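Structure first, commentary second.
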Amino acid sequence: MLILLAFIIVFHITSAALLFISTIDNAWWVGENFSTDVWRMCFTNNSVCIAITDQFREYQSIQAVQAAMILSTIFCCVAFLVFILQLFRLKQGERFVLTSIIQLLSCLCVMIAASIYTDRHEELHKSMEYSFEVSEGQYGYSFVLAWIAFAFTLISGAMYLVLRKRK
């Protein structure tokens, strides 16, 4: 049981790390001379970064992605804290249902964020406010990490639902 518990804790911490990296790092959309995420757009030639503000077309979509990724990260961290609390508070044989619900909310939020970005990426990168052509890029590793974090949070949410507290 101790090995299973250690695996679940490591899996949850890995999910949180993936969410933090995909939310913060500047690599959702990359090209030869630029990289962009949901916060800013950077040129690799001269290391200049431009913040994505309300002057950009499709800014509402970017804000939805930002909010969903932040919520996902917060839910994942809260789920871990609730799991630790439930680990010491639950009676033997009870399930970690509250932890599972919070982790599945995290899963839902990251799915929403990545889905919005996937659907709206063409319109997002055609904005005239970019001083560089960014429509010729491709998805970066932060975007891929967001989808991997979706899978990890889904699996860990299901694990918590099945997990019972044993001695």
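Data for the structure
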item	result
Residue in region 64-86 that is over 18 Å from Gly157 (Cα atoms) and not in a helix (DSSP H, G or I) present	no
Filter result for the condition that a residue is over 26 Å from Leu108 (Cα atoms) and in contact with a Phe, Trp or Tyr (Cβ under 8 Å, 6 or more places away or on another chain), over Asn46, Asn33	Asn33
Unique match (being touching a Leu at 6+ places or on another chain (Cβ under 7 Å) and touching a residue at least 12 places away in the same chain (Cβ under 8 Å)) among Phe56, Phe43, Phe96, Phe83	Phe96
Checklist (1) open to solvent by 80 Å² or more (accessible area, probe 1.4 Å); (2) in contact (Cβ under 8 Å) with a residue 12 or more places away in the chain applied to Thr36, failing item	(1)
Residue count, region 94-122 (criterion: open to solvent by less than 30 Å² (accessible area, probe 1.4 Å), more than 13 Å from the chain's Cα centre (by Cα) and not hydroxyl-bearing (Ser, Thr, Tyr))	2
Criterion violated by Asn45 - all others in (1) within 20 Å of His125 (Cβ to Cβ); (2) open to solvent by 30 Å² or more (accessible area, probe 1.4 Å); (3) in contact with a helix residue (DSSP H, G or I) (Cβ under 7 Å, 6 or more places away or on another chain) satisfied	(3)
Residue within region 125-135 that is assigned to a helix (DSSP H, G or I) and either open to solvent by 40 Å² or more (accessible area, probe 1.4 Å) or modelled with pLDDT under 85 (or both) present	no
Residue within region 14-27 that is part of a strand (DSSP E or B) and under 23 Å from Ala149 (Cα atoms) present	no
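The values are calculated or read from the model by the stated rules, or taken from the named source; none is laboratory data. Note that the structure is predicted; figures quoted are calculated from it, not measured. Cβ sites come from the backbone with ideal geometry, for glycine too, and all protein chains shown count toward neighbours. Ligands, DNA and RNA are excluded from the accessible area calculation, which covers all protein heavy atoms including side chains. Shrake-Rupley method; radii C 1.70, N 1.55, O 1.52, S 1.80 Å.
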